[in-house]
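S.K.: My questions all concern the structure below.
The values are calculated or read from the model by the stated rules, or taken from the named source; none is laboratory data. Just so you know, these numbers come straight off a predicted model, no measurement behind them. Methodologically, a virtual Cβ is constructed for each residue, glycine included, from the backbone with ideal geometry; neighbour enumeration extends over all protein chains shown.
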Amino acid sequence: MSWLQSIPVGVQTVVLLMLSNVFMTMAWYGHLKNLATAPWHVAALISWGIALCEYLLQVPANRIGHTEFSVAQLKIMQEVITLSVFVPFAMLYLNRPLKRDFLWAGLCMVGAVYFIFRGA
């Protein structure tokens, strides 16, 4: 996989975190639509299986990312990506309306990114 080494660490980290977040969001919230009538333990077991896929992407993302980023920077990246994945998921998959609160939350995240990466 020598081609993988040519991709910048930041790009590898963000792509893996984005993919892991798709699985995480599905594991955490997908059962609200798909398994609404199933017993909670069935939803939990299925969600755990989906979450395994998330961890198989998230752990390498953090290991790769930690070669260039601090733990705090990785955490803020994760939160920004989580919001970036969750909003379209909520709108498209769960049929939730776009709310102005998403914008305010996003602006707060921009502030968090600024403070955690300044001076880096």
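S.K.: Which residues, counting only those in the range 55-87, are at pLDDT below 95 and farther than 28 Å from ARG118 by Cβ?
M.R.: none
S.K.: Another question about this same structure. Report, ordered by the first and then the second residue, all pairs with beta carbons closer than 7 Å, sequence separation of six or more or different chains, a first member in the range 89-117 that is over 19 Å from LEU74 (Cβ atoms) and in contact (Cβ under 8 Å) with a residue 12 or more places away in the chain, and a second member that is of a type outside the set (S, T, N, Q) and outside any helix (DSSP H, G or I).
M.R.: That search, which allows pairs on different chains as well, returns ALA90/ARG96.
S.K.: Conditions first: (1) free of Cβ contacts under 8 Å to residues at least 40 places away in the same chain; (2) touching a Gly at 6+ places or on another chain (Cβ under 6 Å). THR13 passes all but one, so which condition is the exception?
M.R.: Looking at each condition in turn, THR13 falls short on (1).
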